[in-house]
Amino acid sequence: MVMIISVVSLVSSLLFITTKSISHAFVVTTNLQQGRNHVQLPPNFKNKVLPPSLSSFTQLHQTDQKLSTIIKSPDVVDNVQNDNTKDGVLLQEKKEDKLVNASTVAAVPGFSYGDFAKKYPFMNNIMIASTKTAAADLMAQVVIAHTPISSIEWDRTFLFLTFGAIYLGGFQYFYQVNVFKKLFDVDKFTSQSWSDKLKDAQGLKALGAQTALDLFVLTLVYLPTFYVFKEGVFSGSMDPTVWMSSGIDKWQQNFSKDELDLIRVWMPADLVCFSVPLYLRLPVRHVVSFMWTAYLSFVRGGH
């Protein structure tokens, strides 16, 4: 009985050891195949073939040690590190390419009205003034006076177009920018923030002086010039002296009403226009001037 028990115990031990060995061999073989598939082995190992069978524990142990040694060898480690480095360099290059492409797209210049106004202020003012006055007259005829499109007075529109280009675009730019820059320190005041402007006593005095001077020019130059231009279009005469005399007469006849309207509109408007940055002075002024021109066209523009 004791002998039978001993034999059974021995067989069980052998079965356990055999099962353990086969399992270990399967793991080692799997690791080796994975190492071959995913790790760049050195040239002297790539052509070697594993033994077809692992018949002894000694062979199994030696093979496991060889596999561990190969995977940990400097050649394999260097190859893996080189692959990782190459992958890292490629990834970094892709990121840099994306950044370069993005910066290239961002560097493509687009139109900026602010840049155009700064670079070509005089041309910008001529374009705005002529277009604005013609459009204001058309609005006065069609929208306010309800004139049919077929009955639009194009000679009247031409009057405002010409007056806008020559007086508002040319002369007004000359005295409100060039002359005012010499008389007042406009750059310092207009470049400040609104809170700093309110604390600048000298700047506020200059602002009041510019407003008073502009109202003076509007009264004694702007209105008479408008009426002279109007007579040049509607009088039917080619004699400039007729335009001058007739225009001055119309200005004097309408002086009290025109002057009151002019002060009510342009005194507060000038306080704003002469406070903004210099390159925006006349564009901002044209916003107010559009409505003013439409009103002037409605009450004074017709025959």
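Roughly what would the spin-label model give for LEU260 and SER235, points 7 Å off Cα along C-beta, in nm?
That separation, rounded to one decimal, is 2.9 nm.
Arrange the peptides 236-242, 289-295, 188-194 so that the one whose residues have, on average, the most other Cβ atoms within 10 Å appears first. Write out the running numbers ahead of the final one.
Values: 236-242: 10.0, 289-295: 19.4, 188-194: 13.0.
Highest-to-lowest ranking by the protection proxy: 289-295, 188-194, 236-242.
Using a Förster radius of 30 Å, what is the FRET efficiency between ARG300 and ALA201 based on their Cβ-Cβ separation? Nearest 0.05, please.
On the way: r = 40 Å, r/R0 = 1.32.
Approximately 0.15, to the nearest 0.05.
Name the residues of the stretch 252-266 whose amide N is less than 17 Å from a point 7 angstrom out from the Cα of PHE216 along the C-beta direction?
263
Mind listing the Cα extents of the stretch 200-252 along all three principal axes, in Å, largest one first?
53, 16, 13
For the stretch 246-303, what mean projected area does the convex hull of the alpha carbons give, in nm²?
Values: hull surface 18.4 nm².
Across all orientations, the stretch 246-303 yields a mean hull projection of 4.6 nm².
What is the distance, in nm, between label points placed 7 Å from the Cα along the Cα-to-Cβ direction at MET123 and at VAL142?
Roughly 2.8 nm, to one decimal.
Tell me the Rg and the Dmax, in Å, that the Cα atoms of the stretch 179-297 produce.
17.1, 55
How much length, in nm to one decimal, is gained on full extension between MET267 and PHE158, taken as 0.36 nm per residue of separation minus their Cα-Cα distance? Don't skip to the end; give the middle numbers.
Details: separation 109, 0.36 × 109 = 39.24 nm, distance 2.82 nm.
Full extension of this stretch gives 36.4 nm more.
Among LYS118/LYS205; LYS119/LYS197; LYS118/LYS199; LYS119/LYS257, which pairs are too far apart, with a Cα-Cα distance over 32 Å?
Those over the limit are LYS119/LYS257.
What does the extension gain come out to for ASP187 and PHE111, with contour length at 0.36 nm per residue minus their alpha carbon separation?
Values: separation 76, 0.36 × 76 = 27.36 nm, distance 2.54 nm.
Full extension of this stretch gives 24.8 nm more.
Please report how far the C-alpha centroid of the stretch 239-281 lies from that of the stretch 175-231, rounded to the nearest whole angstrom.
14
Every number in this text was worked out from the coordinates using simple rules, so none of it is lab data. The shown structure was predicted, so the numbers you read here are calculated from the model rather than taken from an experiment. Ideal geometry is used to build each Cβ from the backbone, glycine not excepted, and the neighbour counts take in all protein chains shown.
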